[in-house]
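The values are calculated or read from the model by the stated rules, or taken from the named source; none is laboratory data. Just so it is clear, the structure is predicted and the values come from calculations on it, not from any experiment. Cβ placement follows ideal geometry from the backbone for every residue including glycine, while neighbour counts extend to all protein chains displayed.
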Amino acid sequence: MSPYAFDNAATQTAGRFSVLESRYDIASRNALERTGIGPGWRCLEIGGGGGSLGDWLGERVGPEGAVTVTDIEPARAASRPWAAHVRLLRHDITRDPLPGDGFDLVHARLVLLHLPERLRVLELLAGALRPGGWLVVEEFDCGWTPVLAAPDDSAALLFERVHGALMTLLEKAGAEPLWGRHVVRAMLRAGLTEVTATTYAEAWPGGGDGIALHHANTEQVAHGLTELGVTADEVDAFLALLADPRFVVNSYPLISALGRRPGEETAR
């Protein structure tokens with residue numbers, strides 16, 4: 001069994017990956033483009049999920065470059081056709097040796113948030129860069145999800161209650177729901193330079209594509225929520241609320257942080 005609250009082998013994983021790709025890939029691509037990525041780069045994608053960003057990285061570096069995509073459970077990404085210069089590996093960043101070093105770019109989206117060893121892993125990823133290479137770490141700040149509209153006050157309170165219980169489950173599994181707001185500081189402490197960050201968020205109306213992330217996550221951990229005192233009726237009412245167009249909630253803000261390993265750049 002996966003130690004993570006959201007086991008990638010669960011049936012809800014496809015829905016979660018679909019939302020992340022459709023709502024957040026644009027922000028991730030923009031962040032990655034700020035590194036200057038181009039033909040010939042060697043890239044490492046940690047926690048590649050469904051593989052959309054690994055595929056995009058492969059297109060950007062071209063056949064003269066190389067991309068390694070890893071995931072603790074790569075089955076869903078394995079169904080995607082991959083170019084010859086992109087390899088997919090089953091890999092646990094907390095236990096397994098890194099698949100190489102001297103990378104021009106290392107990227108991880110929504111991975112470190114779930115890891116109790118997040119600071120150690122960040123330093124590990126920074127150490128895998130060549131001098132002048134870029135680390136891009138993207139994380140949610142799950143503490144800022146204001147309800148923007150609701151049918152009534154009780155609906156807003158229901159969202160806050162159930163979502164708060166879900167955050168407690170994440171913490172019990174070793175995650176840090178507020179990790180996004182700490183990434184820049186962690187990258188600076190890891191010795192990276194030229195550290196910058198952007199934040200992406202949008203409104204998610206009930207029944208829309210984005211809010212389906214809450215549905216997938218809540219459905220997957222419903223049993224754990226009841227153990228925290230959330231009733232089955234409350235879970236059902238919460239899921240129904242997510243389909244109500246009168247309900248609108250702010251998306252999870254995605255903080256995309258970039259930092260560069262100091263040192264003289266080497267020729268590729």
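Could you check region 197-226 and list, in sequence order, the residues that are over 24 Å from residue 137 (Cα atoms), in contact (Cβ under 8 Å) with a residue 24 or more places away in the chain and polar (S, T, N, Q)? Within region 197-226, 218, 220 meet the criteria.
Condition first: surrounded by 17 or more Cβ atoms within 10 Å (Cβ to Cβ) and either among the β-branched types (Val, Ile, Thr) or without any contact (Cβ under 8 Å) to a residue 24 or more places away in the chain (or both). Now tell me which residues in region 139-154 satisfy that. Don't jump to the end; show me each part of the working.
At the first step, the residues of region 139-154 found to be surrounded by 17 or more Cβ atoms within 10 Å (Cβ to Cβ) are 139-142, 145, 147, 150.
Passing the criteria: 145, 147.
When 158, 105 are checked against the criterion of being touching a Phe, Trp or Tyr at 6+ places or on another chain (Cβ under 7 Å), within 18 Å of residue 214 (Cβ to Cβ) and not in a loop (DSSP other than H, G, I, E, B), a single residue qualifies: 158.
Would it be correct to say that residue 194 is among the acidic types (Asp, Glu) and touching a residue at least 40 places away in the same chain (Cβ under 8 Å)? Here the answer is yes, as residue 194 does meet what is asked.
The condition of being outside any loop (DSSP other than H, G, I, E, B) and touching a Lys or Arg at 6+ places or on another chain (Cβ under 9 Å) holds for only one of 180, 143, 133, that being 133. When the residues of region 29-69 are narrowed to those that are out of contact with any helix residue (DSSP H, G or I) (no Cβ under 6 Å at 6 or more places or on another chain) and on the phi > 0 side of the Ramachandran plot, which ends up modelled with the lowest pLDDT? Once the filter is applied, the top-ranked residue is 47. Only one entry in 26, 72 is of a type in the set (Val, Ile, Thr), under 14 Å from the mean Cα position of the chain (by Cα) and either surrounded by fewer than 19 Cβ atoms within 10 Å (Cβ to Cβ) or at positive phi (or both), namely 26.
With the condition kept exactly as written, say whether any residue in region 49-60 is assigned to a loop (DSSP other than H, G, I, E, B), closer than 19 Å to residue 100 by Cα and not hydrophobic (A, V, I, L, M, F, W, C).
Step one: list which residues in region 49-60 are assigned to a loop (DSSP other than H, G, I, E, B), which gives 49-51.
So of that shortlist, the ones also closer than 19 Å to residue 100 by Cα come out as none.
No: region 49-60 contains no residue that is assigned to a loop (DSSP other than H, G, I, E, B), closer than 19 Å to residue 100 by Cα and not hydrophobic (A, V, I, L, M, F, W, C).
Looking only at region 229-268, which residues are modelled with pLDDT of 95 or more, among the aliphatic types (A, V, I, L, M) and assigned to a loop (DSSP other than H, G, I, E, B)? Correct list: 230, 242, 243.
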